[in-house]
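Input: a single structure, listed below in structure tokens.
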Amino acid sequence: ALTFSRTGVWLGIITIVTASLFLAPRPDRFIPAMFGIALLSAAFYFVVFKSLDNFTGGQLSLRYAKKGFGNRESIASDDLRIAMNHPVLGVGPGMVKTVRKIEFGYSAQAHTEFTRLLAEHGAAGLLARLGWLGMGGAALRGASNLMARAWSASLVVFCMLFMAVSGMRLALPSAAMGLAMMQLLKSTGPP
């Protein structure tokens, strides 16, 4: 929370909820799990967040009060228009920023990996997106028990959401997908 990253906090919350849903599939476990999540969330908000907000002089609550996507939706929309103009091969790796400047008059780094991939790689980018979805499904199907399925699901969800809002600027989504696939490797053995 002190990094002022709304994305980081929301990704953490969504990832924990995803794992919880897999760990509490039966109604007799689901209701206590959701109650526990609600209790922890309330404690975090009323104790931890309020303390951190006081520590930052109210700046933390101002940061989280901001609405919107920080112009990410405009960049993603322009990426899709570029992809439609270059559907087969795209504009080339690393070129979407330059093409955006030429076609739309501004230069901005893509925040959404999914639209950047289509704009830069065209049809191959679409195949890569389908490959990611297939890998996520394989990780879930290959999980040998409930705990492994919860880990795989939460890591896949984290990876996909991270790429949706922050692109591939860090190695973190790749590492998360790799960890989600570890169970699959264990069950099938090395090549």
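The values are calculated or read from the model by the stated rules, or taken from the named source; none is laboratory data. Values in this document were obtained by computation on a predicted structure and should not be read as measured data. Every residue, glycine among them, receives a Cβ derived from its backbone with ideal geometry; neighbour counts consider all protein chains shown. Calculation scope for accessible area: heavy atoms of the full protein, side chains included, ligands and nucleic acids excluded. Shrake-Rupley method; radii C 1.70, N 1.55, O 1.52, S 1.80 Å.
Inside segment 40-65, can you point out the residues that are loosely packed, with under 14 Cβ neighbours inside 10 Å and either outside any helix (DSSP H, G or I) or of a type in the set (Val, Ile, Thr) (or both)? Residues satisfying the conditions are 47, 48, 57, 58. A single entry from 37, 75 fulfils the requirement of being open to solvent by less than 60 Å² (accessible area, probe 1.4 Å), part of a helix (DSSP H, G or I) and under 26 Å from residue 20 (Cβ atoms): 37.
Annotation note: Cβ proximity below 7 Å between a residue of segment 150-163 that is over 14 Å from residue 113 (Cβ atoms) and a residue that is outside any helix (DSSP H, G or I) (sequence gap 6+ or interchain) occurs for 152/143. Condition (residue is at pLDDT 90 or above and more than 22 Å from the chain's Cα centre (by Cα)) applied to segment 72-83: is it met by at least one residue? Yes: segment 72-83 contains one or more residues that are at pLDDT 90 or above and more than 22 Å from the chain's Cα centre (by Cα). Of the candidates 119, 124, the single residue that is in contact (Cβ under 8 Å) with a residue 24 or more places away in the chain, open to solvent by less than 40 Å² (accessible area, probe 1.4 Å) and not hydroxyl-bearing (Ser, Thr, Tyr) is 119. All of (1) surrounded by 14 or more Cβ atoms within 10 Å (Cβ to Cβ); (2) under 29 Å from residue 143 (Cα atoms); (3) at pLDDT 80 or above hold for residue 30 with one exception: (3).
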